[in-house]
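For reference, the structure is listed below as structure tokens.
Each value in this text was obtained by applying a stated rule to the coordinates, not by laboratory testing. Keep in mind it's a predicted model, so treat the numbers as computed, not measured.
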Amino acid sequence: MDHQDKVLVCRDCGKEFLFSAGEQAFYAEKGFQNEPTRCRNCRAARKGGVPSASQDSGGSRPLFSAVCSECGKDTQVPFKPTAGKPVYCRDCFQKRGSRTTRRSPAYLD
């Protein structure tokens, strides 16, 4: 089959994008029945492939307040603490090292 470049309109942003002959051949080879409906940028954003500024800086992960099980200091952790399981501040976690035989709890202060 002879493919030719097509101009399609993105369903998310409304901008035109090129569905190249090479991409069409790839789609045919893989057995895809439908043409793409989103441009490359919108597809990547939808799949989480375009990191936002907050993800680049490591900023937007929710933090939960907790009290260190060892020293009693207030700390914050990147998970919701579970009742009955220990949570450690950074200092106590580092002091404990690999002494524990269980999986080590996460920490963040």
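Computed values, structure above
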{"item": "For GLU70, distant residues with modelled amide H under 5 Å away", "result": "CYS89"}
{"item": "Amide H contacts of PHE79 (H built 1.01 Å from N, under 5 Å, at least 5 apart or other chain)", "result": "PHE64"}
{"item": "Sequence-distant residues sharing a close amide H with CYS13 (under 5 Å, placed H)", "result": "CYS39"}
{"item": "Candidate lysines - alpha carbon under 28 Å from LYS6, same-chain residues fewer than 8 apart omitted", "result": "LYS15, LYS30, LYS47"}
